[in-house]
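The values are calculated or read from the model by the stated rules, or taken from the named source; none is laboratory data. Remember, predicted model here, so these are calculated numbers, not experimental data. Here the Cβ positions follow ideal geometry from the backbone for every residue, glycine too, while neighbour counts run over all protein chains shown. Note: areas computed on protein heavy atoms with side chains; ligands, DNA, RNA excluded. Shrake-Rupley method; radii C 1.70, N 1.55, O 1.52, S 1.80 Å.
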Amino acid sequence: MTEPETAATAAGRPSGPMPPSMQFTPEGRLRHLLTIEGLSPELVTEILDTAESFVGMNAQTVKKVPLLRGKTVMNLFFEASTRTRTTFELAAKRLSADVLNINISTSSTVKGESLLDTLRNLQAMYVDMFVVRHADSGAAHFIARHVAPHVSVLNAGDGRHAHPTQALLDMFTIRRHKGDFSRLKVAIVGDILHSRVARSQIQALNLLGTGEVRVIGPKTLLPAHVEDLGVRPFHDIRTGLKDVDVIIMLRLQRERMDSGLLPSEHEFFQLWGLNEERLALAAPDAIVMHPGPANRGVEIDSRVADGPRSVILEQVTYGIAVRMAVMSLIVGASVNQGAAQ
Amino acid sequence: MRLLIEQGRVVDPAQGLDRVTDLFIQGGEVVALDTPPQGFTPDRRIDARGHLVLPGLVDLAARLREPGDENKATIASETRAAASGGITTLVCPPDTHPPVDSPAQIELIHRRAKQACGVRVHPLGALTAGLQGRQLSDMAALKRAGAVGMSQALHPVESPMLLRRALEYATSHDITVFLHPIDHALAGAGCVHEGRVATRLGLPGIPEAAETTALGLLLALAAQTGARIHLCRLSTARGAALVARAAADGLAVTADVCAHQLFLTEADVEDFNALCHVLPPLRTRADRDGLRRAVAEGHIQAICSDHQPHEADAKLAPFPATEAGLSALETLLPLTLRLVEEGVLPLTEAVRRITRGPADILGMPLGTLSPGTRADLILVDPQRPYAPAAERWYSAGHNSPFLHWRFRGRVTHTLSGGRVIHETAARE
C-alpha cells in the first residue's frame, strides 16, 4: 500500500473550500447529513438509539410528536423515488413539520434554470430543511455549501456518492437482529460501482467496527481500488457468502447490460443472484437485506426475498424511525422531552 | 526607444547564458549584451539589480474565449493577464465558437490581439472542419492566414483512418499537429481520475488507459506517416514513459504538460472541489512525480498554462456538472519557479521549459535574448512574495485553485517588442 495522498504538496496552501466539519455547526452539533464519512461512532449510535425511541411510537395509534412543529421540510427530488421520498415525508409529518414535495426532474431545471437559482427561489420561501436527491455525485455537498445559515440539508442520495439515511436504517436493522457489530461478517452483493447505498453502508459498517465487510461481484461492477474502502472483494459468490451473518443485495439497473458491464440479467442471476442454495452457505441465522426496489429473478430469488430470513420490509419500516431521528437531531430538539409530551 | 536593462541576472537557456550583465534594446530588438553598441544612449534605464532577466514566456495553450464565449473572457482581458504573468507569446486552441477553421477566424483573432496590450497571440487551426472529426479542414489556407499548427483540441476524430489522412496532409504542408492523447470512448463521461478518490466520492472516472491507448495510436501514426506531432497535456507517468521511449526511437514527437499537473493530484478533488475539475484529470501522486521527472529529463519540452477562464457560474454546480479547466496564465511562472525551489530541476532548465522549449515546438525564433531577436523579456524579483488574490488578478476567470497559495518570485516588468507592457506596482 502506498502512503496516503495528502492534498497539496505546497506549504501555505489554505484549507479546502469545504472543511470536513461542514456537516457540523461550530458547536459540533449535526447541521447537515451529507455522508457517513466524518461522523463519529458515538453520533451514529446516538442516531440509532434515538430511532429506537421512535420505533415504538410509529406502531401506536397516535403517531405524532411536536418536535418539528412550525418547521418546513422540503423534499427536493431531482430523481424519481417512491420509497425514500415517502418515508422522509412520513418522518417529517410524524414530527409535526410542514412538508412540501417538489419533483424537479419534470420542473424548472429542464427549462434551463440552474440548480443554484432553483435553490435560492425555494429558500426564499423560508424552508428549514431540504431533503435532496440528485443524479450527480456531490450535489448535496454543493447545495449545503450554498444554503443560508439556518437551513439544513439532508442527503437522500447523490449520484453514486452517498445515501447516508439508507445506510443508517440498514445499521439499525442489523443492530436489532445481531447486536454487536465487531463479531459480524457482512457481504454486499452486486453493483457496487454505481451504488451510493453500498458506499454509505461500507463506511457505516466500518465506523461501527464490523468484523469483516465483503463485496461480491464481477470486476466490471467493483470500483477501482475498492479494497481502499475497507472491504474484501470477491468475484465468486460462493466463497464470498461463506459464513456471513448479513447479506445485503443491491439493485441491478437494467442499463448495465447496455454499457457492456454484464452480458445478461440471466447470467447475472446465474452467477451472483441470491437463491436458497447460496443462502445456505451463510451462517445459519444470517439475515437478507435489500435497499429496494428488488428485481426478483435478477439479483434475488423470490423465495429468498419473501423467505423467513428476509428483513427487507423491516428496513422500510425502520426507515421512518431513522429519518425521524436524524431530522430531530438536526433540529436540535431534545428527544426525551419530545417523546414525553 | 532605446532601453537599458541594468545589471540583472540574465538567464537565457537558448544561449547557455546565466550571468549578471547589461542588456541593450533598440528598435524593438535586443541589440547587445554586456557592452553597449556604439553611440547607444538609453532613453530609459531599468535597474534590474537583484532581478532575473528572462525571455518572455511562450505558452502553448491558453483559451482566450474569443470569439463566442465573451461572457467568460476576452482577448483583451486575457492578454492583459498574460502580460502580468510574464507571458509574451501565447498559442490559443481552435475550440472557440465557432471553431477556428477558416482564415477569417484567424484574422479576427489577430486583429483583436493587435488592439490589445501587446502580447502576441498565435492561433492553432482546426484539424478538421468545424472540429467535427469527419472532414479535413483547409489546412493550407489556415496556415497561410497565420495558424502556427493544427489541432483537434478535445474533440474526437472519427476514425484512425481520418487521423492518418489528416497527419499526412498536414505533413505535405509542413504543419505541426497538436494532439491531445485522449481515447474518448475509454474516457466516457468521466470527470476525475479513475482511482481511489473517484471510488470514494462515487465520481465517474477516466482511466489511465484513456491516455496510454491514445498515445499508442498517435505514436504508431507518427511512425507511419512521419508527421510532426506535438502531444498536448500529458497526465500520466506511463504516458510520459511511452513518449520518452518513442523519442529514443527517433520519432519526431514533442510533448507538454500543464503546470497544475505538476502540483495537484486526485486528492485535491476531495470534497468535490470544482476548481480542481480539469481535463485531463488530476491523477495520482506517482503520476505527478513521473511527469515531474519527464520534465526534468527533457522528455517533456514545454510547461504550459492550459488557461481556461470561466465565469463564476461555470463552477457553481454539482462537481460532474461543472465546466472543466482553470484560469492559469498568472500562475504559470510562479509554479514553474516553485519546481526550482522544490529541487525538481535547475533554474535554466525550468526557464527553458517555458521559453525556448515551446518556441522550438512552434519553430519560431522566440524565447531567447540573443542579439537580433525581438525584445520580449521579463524582469522577475525572485525574492518578492506573491500570493495571487482575486483583487489583484487580471484574468476575467477567477477559477484558480492557487488563489492564496504563497509563492516566491514576482514579475516586475514585462516587455514585448522592447515596449514595457506591464509593470507590477511596488506595493501590491
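Counted by Cβ distance under 11 Å from B:Ala82, the other residues give a net charge of -1, where Lys and Arg count +1 and Asp and Glu count -1.
Taking Cα atoms only, the orientation of helix B:103-115 departs from the longest principal axis of chain B by about 30 degrees. Under the membrane-span-like helix rule (DSSP H runs whose alpha carbons stretch at least 24 Å along the helix axis, mean Kyte-Doolittle hydropathy 0.0 or higher), chain A yields A:41-59, A:312-331. State the number of lysine pairs found in chain A whose Cα atoms come within less than 18 Å, restricting to pairs 8 or more positions apart or on distinct chains. Going through chain A pair by pair, I get 6. Put simply, the amide H of A:Gly230, placed in the peptide plane, has no neighbours under 5 Å, leaving out anything fewer than 5 places away on its chain. Close amide-amide hydrogen proximity is noted between A:Ile188 and A:Arg214, A:Val215, A:Ile216, A:Ile248, each under 5 Å apart and 5 or more residues distant or on a separate chain (H modeled in the peptide plane; Pro and chain starts excluded). For trypsin sites (Lys or Arg not before Pro), the sites in region A:140-214 that DSSP calls loop and that have at most 13 other Cβ atoms within 10 Å are A:Arg183. Rounded to the nearest 500, the 222 nm mean residue ellipticity of chain A from helices alone is -10500 deg cm²/dmol, with -39,500 (n - 2.57) taken per DSSP H run of at least 4 residues.
Across B:Glu342, A:Glu27, A:Glu212, the residue with the most accessible area heads the list, and the full order at a 1.4 Å probe is A:Glu27, B:Glu342, A:Glu212.
The candidates B:Ser84, B:Ser102, arranged from most to least accessible area with a 1.4 Å probe in the full protein assembly, appear as B:Ser102, B:Ser84. When the other protein chains are added to the chain by itself, burial of at least 40 square angstrom of heavy-atom accessible area (probe 1.4 Å, ligands and nucleic acids ignored) affects these residues of region A:157-174: A:Arg160, A:His161. Taken as Cα centroids, region A:266-296 and region B:301-333 sit 47 Å apart, rounded to the nearest whole angstrom. With all protein chains kept in place, the per residue accessible area of region A:164-316 amounts to 39 square angstrom at a probe of 1.4 angstrom.
Counting only heavy atoms of the protein chains and using a 1.4 Å probe, B:Leu64 has close to 10 Å² of accessible surface. Helix B:160-172 axis versus longest C-alpha principal axis of chain B: approximately 30°, rounded to the nearest ten. Element breakdown for region A:151-198 at a 1.4 angstrom probe: carbon and sulfur atoms account for 40% of the accessible area. Accessible surface for region B:257-361, divided over its residues, is 24 Å² per residue with a 1.4 Å probe. Relative contact order, whole percent, for chain A stands at 19, derived from Cα pairs under 8 Å and 6 or more residues apart. Estimated at the nearest 10 Å², the accessible area of A:Lys71 is 70 Å² with a 1.4 Å probe.
For region A:139-153, a decrease in accessible area of 40 Å² or greater in the assembled protein chains relative to the isolated chain, with a 1.4 Å probe, applies to A:Phe142. Note on region B:201-251 and region B:1-49: Cα centroid distance 41 Å, given to the nearest whole angstrom.
Each 5 Å bin from 0 upward holds the following percent of the Cα-Cα pairs of region B:85-134: 5, 21, 29, 21, 14, 7, 4, 0. Taken residue by residue and averaged, Cβ atoms of other chains lying within 10 Å of the Cβ of B:261-270 number 4. Comparing Cα centroids, region B:81-107 and region A:130-194 end up 46 angstrom apart.
Think of it as helices only: each DSSP H run of n ≥ 4 in chain B is worth -39500 (n - 2.57), and spread over all residues that comes to -8000 deg cm²/dmol at 222 nm. Placing B:Leu186, B:Leu60 in order of accessible area, with the largest value first and a 1.4 Å probe, yields B:Leu186, B:Leu60.
Amide H to amide H, with H built 1.01 Å from N, B:Val10 comes under 5 Å of B:Arg19, B:Val20, B:Thr21, B:Val53, counting only residues 5 or more places away or on other chains.
Projecting the Cα atoms of A:Ser302, A:Val246, A:Ile216 onto the charge dipole of region A:164-316, computed from C-beta unit charges around the Cα centre, puts A:Val246 farthest toward the positive end. Interface residues of region B:385-428, defined as a loss of at least 30 Å² in heavy-atom accessible area between the chain alone and the complex of all protein chains with a 1.4 Å probe, are B:Trp405, B:Arg406. The three principal axes of the C-alpha atoms in region B:356-428 carry coordinate ranges of 38, 26, 23 Å, sorted with the longest axis first. Heavy-atom surface analysis with a 1.4 Å probe gives region B:54-362 a carbon and sulfur content of 51 percent of its accessible area.
Size of region A:164-316: Rg and Dmax of its alpha carbons, in Å, are 13.9, 41. Can you tell me how region B:54-362 classifies by the Cα gyration tensor, rounded, prolate or oblate, using a/c under 1.5 as the rounded cut? Because its axes are fairly even, with a/c under 1.5, region B:54-362 counts as rounded. Charge tally around A:Val44: other residues with Cβ under 12 Å, Lys/Arg +1 each, Asp/Glu -1 each, net -4.
Compared with the dominant principal axis of the Cα atoms in chain B, helix B:332-341 is inclined by about 80°. Chains A and B together bury roughly 2900 Å² of accessible area, counting both sides, with a 1.4 Å probe on protein heavy atoms only.
Rolling a 1.4 Å probe over the protein chains gives A:Asp228 an accessible area of about 60 Å². With bins 20 Å wide beginning at 0, the percent of Cα pairs of the protein assembly as shown falling in each bin runs 16, 42, 29, 12, 1, 0. Taking only the Cα atoms of chain A, the radius of gyration and Dmax are 20.2, 61 Å. Charge tally around B:Leu60: other residues with Cβ under 10 Å, Lys/Arg +1 each, Asp/Glu -1 each, net -2.
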